Amino acid sequence: MSPQLSSLSSLCRRKQVAQLGWSTLRYCWSGSSNTCVRQFSNGAEPASWSPNLPKSVRIVEVGPRDGLQNEPKRIETAQKLELIRRLAESGLKTVEATAFVSPKWVPQMSDHQEIMKHLMAAIEGSNADISFPALVPNLKGMEAAVETGVREVAIFASASEAFSKKNINCSIEESLDRFKPVLSCAKSNGIKVRGYVSCVIGCPYEGRVSEESVAKLSKQLIDLGCYEISLGDTIGVGSPGSVSRMIRRVQQDVQTDKLAVHFHDTYGQALANILTSIQLGVAVVDSSVAGLGGCPYAKGATGNVATEDVLYMLEDLNVETGVDLGQVLQAGQYICKELGKENGSRAARALLTKAEKGGAESEKSASAGTDAQMIKKLVLNN
Ligand SMILES: CC(C)(COP(=O)([O-])OP(=O)([O-])OC[C@H]1O[C@@H](n2cnc3c(N)ncnc32)[C@H](O)[C@@H]1OP(=O)([O-])[O-])[C@@H](O)C(=O)NCCC(=O)NCCSC(=O)C[C@@](C)(O)CC(=O)[O-]
């Protein structure tokens, strides 16, 4: 073996390239630039640029709930349903639709019954492979959700005491007590329950949150019966260092295939955090169309990471999502127009600018295949 191949071989072994099937890989060096180009021996592209990435990622779209809950202007139920319809048509398999919370606390979600009844009627009797979960904070919310025929709910706890108090008006311990009857009601009605842990890196009232408390609460929610835990950086203060420390600690107590990540983009770290998380094996990512969002009880925190930005990155990494970026982008444009606000997705804005300048010209200059394909679609659809 040449010295170059031998040093590459040990480097790749360190990175556990064996998982990809070492024998099927052929390596060529482009001597001058010293870059390694990987190809499968059958000529196909490698699954992804890094052996540590999952083959596919499930996107949990939270725009209609997390994205809209903080909007000051009343959004009509019909507008919300139109947004959900467009998102569902893009190939998303999970679209969080609403929250059965108190209308006094979060007025924007007060049409939860109507939204959920409509969605459940739309998929009734079908084998539609799509889930429309709703947030529930307590048994009262759960009972209202059950009346609509809901098939999946999400309970939400906080790793910070102060945030728990502000957000759901009880301590962490009390919230777990409130969730117990929710879980048993879910069990007897065959409803899946997802669990959120908020403030996994920092809290707007208490500052830094320990990895220990995030792991403890995540495990408690799993033990209560949640099938998955979404780790929420509610105020978007994490970056890859703190995020990887937190995830590694949680992985000691909860299986990785039961974890999801939920990043807000306050410090512009969300995509880096997602890349870090998926390299640690997490294969479920929450995001919000057009980067809508913010929490009413976390002032100053910006929206969730934009679904379009996540899809743009994952497409380039060859990580499958089954979601059509063009359709999500158009759903984002629809809701931004209704809300009278600019699209918060950087990828959406860049692609739209290019599309406006003219598809053919942009295709020539597009740096990534994703750009060219997207612009073609946008030009055709506009
Ligand atoms: C949990 C409560 C209800 C406690 O609120 P409370 O005031 O302590 O509740 P209560 O039991 O004392 O009841 C007070 C009133 O609320 C009613 N009530 C009681 N429960 C419900 C219910 N489920 N639905 C509708 N109404 C309800 C109840 O019937 C009563 O009505 P009244 O007699 O005054 O007319 C309240 O604090 C609340 O609704 N909080 C929700 C806050 C919220 O939605 N926050 C945003 C979620 S985002 C988040 O948490 C982060 C996340 C998940 O996105 C992840 C991340 O970003 O990191």
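Just check the stretch 58-334 against the gyration tensor rule for me: Cα atoms, a ≥ b ≥ c as the square roots of the eigenvalues, rounded for a/c under 1.5, and otherwise prolate or oblate depending on whether a/b exceeds b/c. Cα axes put the stretch 58-334 in the rounded bin.
Share of antiparallel DSSP beta bridges in the stretch 58-334, in percent to the nearest 5? Percent antiparallel among DSSP bridges in the stretch 58-334 is about 10.
The equivalent ellipsoid that matches the C-alpha gyration tensor of the stretch 149-191 spans semi-axes of 23, 10, 7 angstrom, in descending order. Between V200 and G232, D233, T234, the built amide H atoms are under 5 Å apart, and every one of these is 5 or more places off in sequence or on another chain. Across the options A157, S171, G303, the greatest Cα extent toward the positive end of the charge dipole of the stretch 58-334 (unit charges at beta carbon of Lys, Arg, Asp, Glu) belongs to S171.
Peptide packing for 222-228, 157-163, 246-252, 94-100 was compared via the average number of neighbouring C-beta atoms within 10 Å per residue; ordered from the highest value, the list is 94-100, 157-163, 246-252, 222-228. Where q = 0.18 Å⁻¹, what log10 of I(q)/I(0) comes from the Debye formula for the stretch 201-355, counting one point per Cα? Here log10 of I(q) over I(0) equals -1.09.
Read-outs: derived from the displayed coordinates by stated rules, not from any lab. What you see is a predicted model; the values in this text were computed from it and never measured. Cβ: placed from backbone, ideal geometry, glycine included. Neighbour counts: every protein chain shown.
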